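The values are calculated or read from the model by the stated rules, or taken from the named source; none is laboratory data. As the structure is a computational prediction, the values presented were derived from the model and not from experiment. Positions of Cβ are generated from backbone atoms using ideal geometry, with glycine treated the same way; all protein chains shown enter the neighbour counts. Just the protein is used for accessible areas: all its heavy atoms, side chains included, with ligands, DNA and RNA removed. Shrake-Rupley method; radii C 1.70, N 1.55, O 1.52, S 1.80 Å.
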Amino acid sequence: MRKNIIAGNWKMNTTLCEGVELAKGLNEALKDKSPKCDVVIGTPFTHLATVAAAIDTDKIGVAAQNCADKEKGAYTGEVSAAMVASTGAKYVILGHSERRSYYHETAEILKTKVNLALANGLTPIFCIGEVLEEREAGKHFEVVDEQIKGSLFELSPEDFSKIVIAYEPVWAIGTGKTATADQAQEIHAHIRQTIASKYEQTIADNCSILYGGSMNAGNAKELVSKPDVDGGLIGGASLSVENFLPIIEAF
Ligand code: PEP
């Protein structure tokens with residue numbers, strides 16, 4: 001069954017104390033509620049273990065925002081998928097456009113990270129999306145297909161079934177510009193079709209495809225009302241309970 005998921009991406013925000021307070025606040029706000037979606041928070045590496053210990057992880061999943069493309073060893077400063085899993089985190093965000101552009105993460109590197117994440121029992125939230133020039137040139141379908149094929153299409157059907165996709169048009173991330181619900185639906189349906197052309201239709205039907213890009217309390221309801229939009233990956237609006245909770249309640 002396809003899951004609805006609302007995932008926060010805190011990026012490089014909050015000190016450890018602030019992050020734990022934010023996570024505890026969300027935990028408290030959800031205590032007596034039964035959200036109609038899975039809830040995930042993507043914290044900095046330094047916060048993972050403390051946040052996971054401070055909240056009800058059956059109710060709120062914890063995600064890292066990255067992991068290394070190496071298993072272990074002499075890679076100073078890197079954090080492996082096994083280390084992430086050992087904190088209690090269950091998810092890892094991979095291929096975010098900020099990592100693709102600032103840290104030059106290629107399809108090949110991301111393929112390795114996805115494989116390591118899966119081997120360590122983590123659910124990858126795999127981000128794809130076009131930049132503005134590509135959208136304006138009508139190349140957005142092609143771009144997302146290449147990103148999916150380049151990093152995910154060597155996975156077995158069983159492993160592919162564990163992937164969550166986040167479609168994030170780069171022109172909408174942190175800009176206040178959101179894709180319209182119709183634009184999101186159009187490309188999400190296309191992504192699902194691309195998956196169905198490689199794997200079985202049921203695998204495509206069961207894949208959660210999240211929208212990301214300036215999603216907020218005001219636009220979440222319309223976006224998630226679309227049949228192929230299964231939730232959201234939320235940056236800015238995940239940094240306060242006040243802004244994040246109404247997005248969770250959009251379902
Ligand atoms: C993101 O970073 O994944 C994101 C969607 O950010 P924002 O919601 O701030 O646009």
*Okay, helix-only estimate at 222 nm for the chain: each DSSP H run of n ≥ 4 adds -39500 (n - 2.57), divide by all residues, round to 500 deg cm²/dmol; what do you get?*
-12000 deg cm²/dmol
_Neighbourhood net charge (12 Å Cβ-Cβ; Lys/Arg +1, Asp/Glu -1) for Glu28_ = +1
_Cα centroid separation, the range 116-182 to the range 4-68 (Å)_ = 22
*Charge context of Asp69, other residues only, Cβ under 10 angstrom, K/R +1, D/E -1*: -1
*Electrostatic dipole magnitude of the chain [Cβ: Lys, Arg +1; Asp, Glu -1; Cα centre; debye, to 20]*: 380
*Using packing as a proxy for protection, rank 201-214, 98-111 so that the peptide with the highest average count of other Cβ atoms within 10 Å comes first.*
201-214, 98-111
_Accessible-area order (highest first, 1.4 angstrom probe) of the listed residues Trp10, Trp171_ = Trp171, Trp10
*Give me the accessible area per residue for the chain, probe 1.4 Å, as a whole number in Å².*
45
*On full extension of the chain, what length is gained from Asn243 through Lys198, given 0.36 nm per residue of separation minus the C-alpha to C-alpha distance?*
12.4 nm
*What are the DSSP H helices in the chain that stretch 20 Å or more along their long axis, judged by alpha-carbon atoms, and whose average Kyte-Doolittle hydropathy comes to at least -0.5?*
16-30
*asked:* Assuming 0.36 nm per residue, please report the length gained on full extension of the stretch Lys149 to His190 beyond their Cα-Cα distance.
replied: 13.4 nm
*What percentage of the solvent-accessible surface of the chain, computed with a 1.4 Å probe over protein heavy atoms, is contributed by carbon and sulfur atoms?*
51
